[in-house]
Every structure is written in structure tokens, then in C-alpha cells.
1. Between residues in the stretch A:196-214 that are surrounded by 13 or more Cβ atoms within 10 Å (Cβ to Cβ) and residues that are part of a helix (DSSP H, G or I) and of a type outside the set (Lys, Arg), which pairs lie under 7 Å by C-beta distance while being six or more apart or on different chains?
2. Collect the residues in the stretch A:117-154 that are modelled with pLDDT of 95 or more and under 30 Å from residue A:31 (Cβ atoms), keeping them in residue-number order.
3. For residue A:148, only one of the following conditions fails: (1) open to solvent by 40 Å² or more (accessible area, probe 1.4 Å); (2) within 12 Å of RNA strand B (Cβ to nearest atom); (3) among the aromatic types (Phe, Trp, Tyr). What is its number?
4. Tell me, please, whether a residue that is farther than 21 Å from residue A:49 by Cβ, within 16 Å of RNA strand B (Cβ to nearest atom), β-branched (Val, Ile, Thr) and open to solvent by 50 Å² or more (accessible area, probe 1.4 Å) can be found in the stretch A:268-287.
5. Would you please name the residue that is most open to solvent (accessible area, probe 1.4 Å), looking only at residues in the stretch A:61-105 that are away from RNA strand B (no atom under 16 Å from the Cβ) and without any contact (Cβ under 8 Å) to a residue 40 or more places away in the chain?
6. With respect to the numbered conditions (1) touching a residue at least 12 places away in the same chain (Cβ under 8 Å); (2) open to solvent by less than 90 Å² (accessible area, probe 1.4 Å), which one is the sole condition not fulfilled by residue A:167?
7. Failed condition for residue A:134, given (1) touching a helix residue (DSSP H, G or I) at 6+ places or on another chain (Cβ under 8 Å); (2) farther than 30 Å from residue A:12 by Cα; (3) of a type outside the set (S, T, N, Q), with all others met?
8. Answer yes or no as to whether residue A:118 is surrounded by fewer than 19 Cβ atoms within 10 Å (Cβ to Cβ), more than 9 Å from RNA strand B (Cβ to nearest atom) and charged (D, E, K, R).
Amino acid sequence: MGRLVVIQGATAAGKSAVAASLALGYQCPVVSCDSRQFYREMTIGTAVPSPEELAAATHYFIQDRSIEEPLSAGAYEQEALVLLEKLFAHHSTVILVGGSGLFADALVYGLDPLPTSETIRGELNTIYERDGLAPILEALRMADPVHYNLVDRQNPLRVIRALEVCRASGMPYSNLRTARHATRPFSVVRLAVDMPREELYHRINSRVEQMVHRGLEDEARALIAQRHLAPLRTVGYSEFFDYFDGKLSKEATIDKIKQNTRNYAKRQLTWLRRERDLRYFAPSDIEQIVQWLENSTHGII
RNA sequence: GGUGCCAUAGCUCAGAUGGUAGAGCAACGGACUGAAAAUCCGUGUGUCCCUAGUUCGAUUCUUGGUGGCACCA
């Protein structure tokens with residue numbers, strides 16, 4: 001049975017470098033679970049792995065599609081499972097790395113097979129924009145009183161999605177949620193790259209400066225016609241769109257990108273904190289990581 | 001050097017005729033099953049510059065400092 005080594009951590013913590021080092025050592029491929037690095041139009045602003053890192057191993061799910069064809073967490077799960085089956089035919093180890101906690105969990109634990117309907121969602125969004133969330137909440141209360149009581153009723157995305165599932169399936173959303181973890185044909189070892197908050201924030205700030213230096217503004221400007229697409233709702237692009245609209249000065253734009261990236265990193269850390277058996281390492285601890293991986297493989301841990 | 005004004009949260013500031021204080025932003029904490037770098041929720045974190053007085057009680061009033069700003073020299 002193959003082994004999936006999952007590398008997580010906040011943005012700018014150094015995940016890509018760790019993944020590349022390990023992949024070089026194990027001579028194994030790297031699969032990304034970064035929901036923004038999928039898209040070839042977004043290079044600078046998503047901090048895709050460097051050419052050196054990409055040369056160290058074969059990388060998958062890195063800039064292999066267009067923002068015109070967004071990849072959802074569920075679609076990612078399915079596509080990545082097919083890929084892993086192929087990869088494990090030739091490799092005993094595959095590395096999964098990326099900052100999107102939901103996408104990593106979708107692949108590791110699996111999502112319930114909930115339906116999706118762009119049509120229904122579109123209708124609900126129209127109602128929401130016209131009449132607010134109240135009518136949608138009321139419809140959800142009728143369709144699924146159990147979930148109505150559990151859902152974050154102030155979060156439009158959650159409420160709309162739940163009703164979308166009810167309408168598309170003809171069943172209450174709460175009936176379809178199993179909270180069971182899927183069985184996978186591979187074992188999973190998880191680790192996270194971390195460092196003191198102050199240091200992480202410093203790295204984020206300087207990486208944003210680098211992005212600007214490398215031409216993030218031009219990259220964003222080239223995408224302004226497609227700004228409504230989901231993948232472009234992304235830190236670094238949204239702020240520059242505001243700048244192009246004259247809402248922010250250049251300096252304020254860059255400061256805002258730094259701040260929003262720090263806030264994003266904090267949310268990533270919150271997500272990971274609930275993961276009980278997650279082992280944390282400094283990004284420079286490659287030898288310790290390799291040692292730990294060997295020990296866990298041989299059942300020492 | 002003189003005169004005046006100011007000093008309160010990380011920042012910008014409000015405030016109490018004396019009963020140890022609150023807004024915005026930031027920050028911090030949390031949620032998360034197909035929009036997830038998205039979306040949403042929660043939390044004031046404080047030698048009220050220092051000192052000595054007056055007072056039952058001073059961040060508030062008074063004295064003397066210190067720092068900043070402005071004006072005059």
C-alpha cells in the first residue's frame with residue numbers, strides 16, 4: 001500500500017521547499033492541494049513553486065488548467081484520487097502539499113457525495129441579492145429543520161449551499177452528511193511546517209514585496225476582464241482590482257495585500273489546530289522530517 | 001532660552017464637574033463537506049507619561065519633571 005505524505009502549513013511557511021526536498025530524496029512525485037495554484041493565469045500572486053522546486057520532482061495540479069474552468073473541492077477529490085491510483089502504481093510514496101485545508105481533507109478523508117447544481121445555486125443567489133437571506137433561511141427551515149438549527153445562519157454561502165443540496169437531492173442536507181471518513185487505498189502521514197508567528201508574518205510581508213517586484217500589478221491587470229471568476233477572488237488580485245478602480249492608493253494596496261495574507265495565514269493555522277495528530281516542524285528540519293517519516297513507516301511511532 | 005498646547009489600547013482618537021475608561025482600524029480566538037487565498041462569528045488586549053500634593057478615593061484637580069508640537073526669541 002502506498003504512503004501519502006501530506007505537508008501542510010500556513011502560506012509562506014516554506015511548504016513547497018520542504019516538498020521538493022523530500023521528493024528529491026524519495027524520487028517521488030508531488031501533488032498540490034493549493035486551490036489557487038491550479039490556474040496557469042495566476043503565477044506571481046499565488047507563489048507557485050520556483051523553477052528549481054518544480055525541477056526537483058514531477059508536480060501535479062500546478063497550473064494545469066485555466067481560471068475559466070474552476071476546480072471545486074469535490075471535483076478535485078475525484079480527479080486527485082484517479083491520479084493517485086496511477087502514481088501509486090509506480091511509487092511507494094507520493095507527497096501532497098498545499099495550503100488549502102478543505103482540499104487536503106477532501107482527498108484524505110473524502111467528502112460526502114452531495115449533489116451540486118449551478119442552476120439552483122444561481123437562482124438562490126438571485127433571490128439573495130434581491131431579497132436578502134431571510135427567504136432562503138425560511139426555505140431551509142422548511143426543507144431541513146435539523147440543519148437549519150446547526151448552520152451558521154449569518155453565513156450566506158453556508159445557507160445557500162445547504163438549500164442547494166436539499167433542492168438538488170430532494171432530501172434534507174443533514175441526512176446526506178455522514179461525517180464518516182472515506183477508506184483510501186493508501187496510508188496517510190501528516191506533518192505541518194510552522195514557525196513563530198512574528199517570523200511567519202515577516203516572511204509574508206517580504207514575499208508580498210517580492211510579488212510586487214516581479215510584476216503582480218501587471219499580472220492582475222491582464223486578468224481584470226475576468227475578475228468575476230471565482231479563482232480571482234484571491235488575496236493579491238482583489239486588492240489590485242480595487243486599486244485599478246481607484247479605491248486604493250498603490251501603497252495602501254500593497255499594505256492591504258500583506259494584511260489580508262496574514263489574516264489568511266491565521267485562518268489556515270486555525271484550520272490545522274483541530275488536527276490532533278499533526279506533527280509540526282520548522283521548514284529547515286528536513287533531516288528530522290526524514291527521520292520521523294522513517295520511524296513512522298516502521299511503526300516506531 | 002521664553003510662552004502656549006498636547007500626552008489615554010498596537011495606531012488614530014473620544015471621555016468622565018474626582019469613584020481605575022471606550023470607538024474605529026489593527027490584533028487575537030473560533031467556525032468550516034463542491035465559492036475555501038472564499039465566507040462567516042466572537043473578544044478590549046490599558047502603570048490613562050513620571051513625581052509629589054489635595055482627597056475617603058486622582059487617569060481626571062494642583063506642583064515639579066520628562067517627551068512631542070506650535071509660536072516668540
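The values are calculated or read from the model by the stated rules, or taken from the named source; none is laboratory data. Being a predicted model, the structure only gives us computed values, none of them experimental. Every residue, glycine among them, receives a Cβ derived from its backbone with ideal geometry; neighbour counts consider all protein chains shown. Only protein heavy atoms, including side chains, enter the accessible area calculation; ligands, DNA and RNA are left aside. Shrake-Rupley method; radii C 1.70, N 1.55, O 1.52, S 1.80 Å.
1. A:200/A:265; A:204/A:261; A:204/A:265; A:208/A:254; A:208/A:257; A:208/A:261; A:212/A:254
2. A:117, A:121, listed by residue number.
3. Of the numbered conditions (1) open to solvent by 40 Å² or more (accessible area, probe 1.4 Å); (2) within 12 Å of RNA strand B (Cβ to nearest atom); (3) among the aromatic types (Phe, Trp, Tyr), the odd one out for residue A:148 is (2).
4. Checked against the condition, which is being farther than 21 Å from residue A:49 by Cβ, within 16 Å of RNA strand B (Cβ to nearest atom), β-branched (Val, Ile, Thr) and open to solvent by 50 Å² or more (accessible area, probe 1.4 Å), the stretch A:268-287 yields at least one hit.
5. Pass one, the stretch A:61-105, residues away from RNA strand B (no atom under 16 Å from the Cβ): A:83-95.
Within this subset, residues satisfying the condition of being without any contact (Cβ under 8 Å) to a residue 40 or more places away in the chain are A:86, A:89-90.
On the way: A:86: 134, A:89: 73, A:90: 154 Å².
Ranking the candidates gives A:90 first.
6. (2)
7. Going through (1) touching a helix residue (DSSP H, G or I) at 6+ places or on another chain (Cβ under 8 Å); (2) farther than 30 Å from residue A:12 by Cα; (3) of a type outside the set (S, T, N, Q) one by one, residue A:134 breaks only (1).
8. Numbers: surrounded by fewer than 19 Cβ atoms within 10 Å (Cβ to Cβ): yes; more than 9 Å from RNA strand B (Cβ to nearest atom): no; charged (D, E, K, R): yes.
So residue A:118 fails the test.
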